[in-house]
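Enquirer: Have a look at the structure that comes next, please.
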Amino acid sequence: MHRPLLPNASPVQKPRFLDSALDYLYPPSCLQCELSTDGGRLLCPDCVAAAARVRAPFCSRCGECYDGVIEGQFACANCRDLNFAFEFAEAALRNTAKNHELIVSYKYGKQRYLSGELARFCAEVIEQSPRFKSLASPILVPVPLHWRKQWQRGFNQAELLAQELSKLTGVPWQALLKRTRHTQTQTRLSRQQRAANLKDAFTARRIPEGFESVILIDDVFTTGSTAQACAQALKKPASQIENIVVLTALRG
Ligand SMILES: [Zn+2]
Ligand SMILES: [Zn+2]
């Protein structure tokens with residue numbers, strides 16, 4: 001009698017040790033509700049669906065959210081007197097306690113695999129926002145960390161986000177910016193102090209041929225001082241791209 005080589009015609013099974021190794025790297029339960037998740041996801045479908053997104057009305061320049069009904073595009077009172085070096089900033093997630101906690105776990109809790117989940121929220125913006133859809137030949141450029149900070153944290157949260165976002169959207173990424181100065185933490189500084197703190201903190205390499213716009217990527221947008229300093233650096237080399245926009249996971 002002819003014996004088939006494999007007794008069952010079932011798909012090849014993964015070795016068990018690989019499963020446990022993957023489970024170690026990607027805990028199989030949701031970080032927010034602890035229900036089990038599939039396919040190495042860190043958030044379950046219900047928590048992904050429930051995460052509060054930035055929805056209109058929001059400021060057309062800084063992405064700040066407003067409640068209620070505001071017809072058409074508007075700039076908030078904060079932005080009216082500011083002259084940003086970028087066209088606009090938009091974020092994927094609103095600053096709710098749950099969303100904020102995700103960023104804290106990602107950045108300070110060393111949950112670097114959250115980059116995939118946060119990138120999915122950002123990809124929604126690139127794929128759905130008319131302003132992003134109409135960008136000509138874009139490239140993703142992450143906000144850099146100073147090498148000392150990156151060494152302490154073990155990774156650059158903006159760069160991992162840009163890498164994952166590139167995989168999801170097909171938009172190429174490149175680390176064109178460099179942080180040349182170690183700056184003090186921005187959290188307790190006013191807008192003016194932040195700008196002074198970041199003056200000449202970044203340098204940029206030339207944007208490669210063929211790209212017509214830059215999507216600057218960061219985890220959080222707060223006052224916009226970091227994005228402003230990065231956009232100014234990107235515009236410095238002669239005949240650089242004028243069209244720079246900002247995308248962050250969270251509107252702080
Ligand atoms: Zn969940
Ligand atoms: Zn604004």
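Each value in this text was obtained by applying a stated rule to the coordinates, not by laboratory testing. Keep in mind that this is a model prediction, so the values were computed, not measured. Neighbour counts are summed over all protein chains in view; Cβ atoms, including those assigned to glycine, are modelled from backbone coordinates with ideal geometry.
Enquirer: Taking 0.36 nm per residue of sequence separation and subtracting the Cα-Cα distance, how much length would be gained by fully extending the chain between ALA97 and ALA49, in nm to one decimal?
Expert: On the way: separation 48, 0.36 × 48 = 17.28 nm, distance 1.58 nm.
The ALA97-ALA49 span can extend by a further 15.7 nm.
Enquirer: With Cβ to Cβ distances under 11 Å as the rule, what net charge do the other residues near THR223 carry (K, R +1; D, E -1)? Display every interim value, and only then the final one.
Expert: Values: positive: ARG191, ARG194; negative: GLU64.
Every neighbour counted, the sum reads +1.
Enquirer: Report the net charge of residues surrounding SER60, where surrounding means a beta-carbon distance below 14 angstrom and charges are Lys +1, Arg +1, Asp -1, Glu -1. The partial results should precede the final answer.
Expert: On the way: positive: ARG55, ARG61, ARG80, ARG131, ARG251; negative: GLU64, GLU71, GLU87, GLU90.
That sum, taken over residues with Cβ under 14 Å, equals +1.
Enquirer: Mind giving me the FRET efficiency for GLU34 and GLU242? R0 is 51 Å, r the Cβ-Cβ distance, nearest 0.05 is fine. Let's see the in-between values first.
Expert: Working: r = 47 Å, r/R0 = 0.93.
Computed FRET efficiency for GLU34 and GLU242 comes out at 0.60.
Enquirer: Report, in debye and to the nearest 20, how large the dipole of region 52-251 comes out about its Cα centre when Lys and Arg carry +1 and Asp and Glu carry -1 on their Cβ. Please report the intermediate quantities before stating the final value.
Expert: Details: 28 positive and 18 negative charges, 170 e Å.
I would put it at about 820 debye.
Enquirer: Another one. Given Cα pairs under 8 Å that are at least 6 residues apart, what percent is the relative contact order of the chain? Mind dumping the intermediate values first?
Expert: Values: 418 pairs, mean separation 49.4, N = 252.
Relative contact order of the chain: 20 percent.
Enquirer: Out of GLN152, GLN186, GLY116, whose Cα points farthest toward the positive end of the dipole of the chain (charges: +1 Lys, Arg; -1 Asp, Glu; placed on Cβ)?
Expert: Of the candidates, GLN152 comes out farthest on the positive side.
Enquirer: Within region 143-252, report the trypsin sites (Lys or Arg not before Pro) that DSSP leaves as loop and that have at most 15 other Cβ atoms within 10 Å. Display every interim value, and only then the final one.
Expert: Details: sites: ARG148, LYS149, ARG153, LYS167, LYS178, ARG179, ARG181, ARG188, ARG191, ARG194, LYS199, ARG205, ARG206, LYS235, ARG251; in loops: ARG181, ARG188, LYS199, ARG205, ARG206.
Those satisfying the criteria are ARG181, ARG188, LYS199, ARG205, ARG206.
Enquirer: While we're here: By how many nm would the segment from ALA56 to PHE74 lengthen if fully extended, with 0.36 nm per residue of separation less the alpha-carbon distance?
Expert: Numbers: separation 18, 0.36 × 18 = 6.48 nm, distance 1.04 nm.
Net length gain for the segment: 5.4 nm.
Enquirer: Could you tell me whether region 94-165 comes out rounded, prolate or oblate from its Cα gyration tensor? Rule is a ≥ b ≥ c as square roots of the eigenvalues, rounded for a/c under 1.5, then prolate if a/b exceeds b/c, otherwise oblate.
Expert: Oblate shape, in that a/c is at least 1.5 and b/c is the bigger or equal ratio.
Enquirer: Could I ask something else about it? Residues with beta-carbon under 12 Å from that of ARG179, excluding ARG179: net charge, scoring Lys, Arg +1 and Asp, Glu -1? Can you show the working numbers first?
Expert: Values: positive: ARG148, LYS149, LYS178, ARG181; negative: GLU159, ASP200.
Every neighbour counted, the sum reads +2.
Enquirer: Using a Gaussian network for the chain with springs between C-alpha atoms less than 10 Å apart, which of these wobbles most: LEU82, LEU114, LEU177?
Expert: Among LEU82, LEU114, LEU177, the largest mean-square fluctuation in the Gaussian network model of the chain belongs to LEU82.
Enquirer: Label 7 Å along Cα→Cβ of GLU212; region 159-180 residues with amide nitrogen under 16 Å?
Expert: The answer is 172, whose backbone nitrogens lie closer than 16 Å to the label point.
Enquirer: Then there's this: Ranked by Cβ crowding within 10 angstrom, fewest neighbours first, how are GLU117, GLU87, GLU209 ordered?
Expert: GLU209, GLU87, GLU117
Enquirer: Here is a further query. Please give, to one decimal in nm, the separation of the simple spin-label points placed at LYS133 and ASP200, each 7 Å out from Cα toward the Cβ.
Expert: Each label point is offset 7 Å from its Cα along the Cβ direction, giving 4.4 nm.
Enquirer: In nm, give the distance between the simple-model label positions of GLN152 and ASP81, each being 7 Å from the Cα along the Cα-to-Cβ direction.
Expert: 3.4 nm
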